[in-house]
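Working notes, beginning with the structure itself.
Rule-based calculations on the coordinates, nothing more; no lab input. The structure presented is a predicted model; accordingly, all values stated were derived computationally and were not measured. Neighbour counts are summed over all protein chains in view; Cβ atoms, including those assigned to glycine, are modelled from backbone coordinates with ideal geometry.
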Amino acid sequence: MQEVAQYGELGPTWFNTSIKSLAIMASTKGLITSSTLAIELGVESSFIRKVLTKLIDANLVEGYGGRYGGYKIMVNPSETTIYE
């Protein structure tokens, strides 16, 4: 998965990571941590947090801090486009 995340055909690495992170969050009930996403996508934890910050700024994801914190998708995946 790491090779696909870094050299995908969809564009820059952050875009690929964003799309794949949203897909994982859409299929996960509850919160998912940035370290779990980093492991699943084969990217650095610091990089995934930067990507998640952009998704939060775009109102696509909500983040919760603390020991039991994590991230969750805020939009309905079936009604959201890649353009958004």
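Structure above, values below:
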| quantity | calculated |
| --- | --- |
| Positions within the range 24-61 being touching a residue at least 40 places away in the same chain (Cβ under 8 Å) and assigned to a helix (DSSP H, G or I), in sequence order | Met25, Ala26, Leu41, Lys54 |
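Conditions tested, residue by residue: (1) closer than 15 Å to Thr17 by Cα; (2) buried (at least 16 other Cβ atoms within 10 Å of the Cβ); (3) touching a Cys at 6+ places or on another chain (Cβ under 6 Å).
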position: Leu31; (1), (2), (3): no, no, no
position: Ser35; (1), (2), (3): yes, no, no
position: Ile39; (1), (2), (3): yes, no, no
position: Ser45; (1), (2), (3): yes, no, no
position: Lys50; (1), (2), (3): yes, no, no
position: Leu60; (1), (2), (3): yes, yes, no
position: Gly65; (1), (2), (3): no, no, no
position: Gly70; (1), (2), (3): no, yes, no
position: Ile73; (1), (2), (3): yes, yes, no
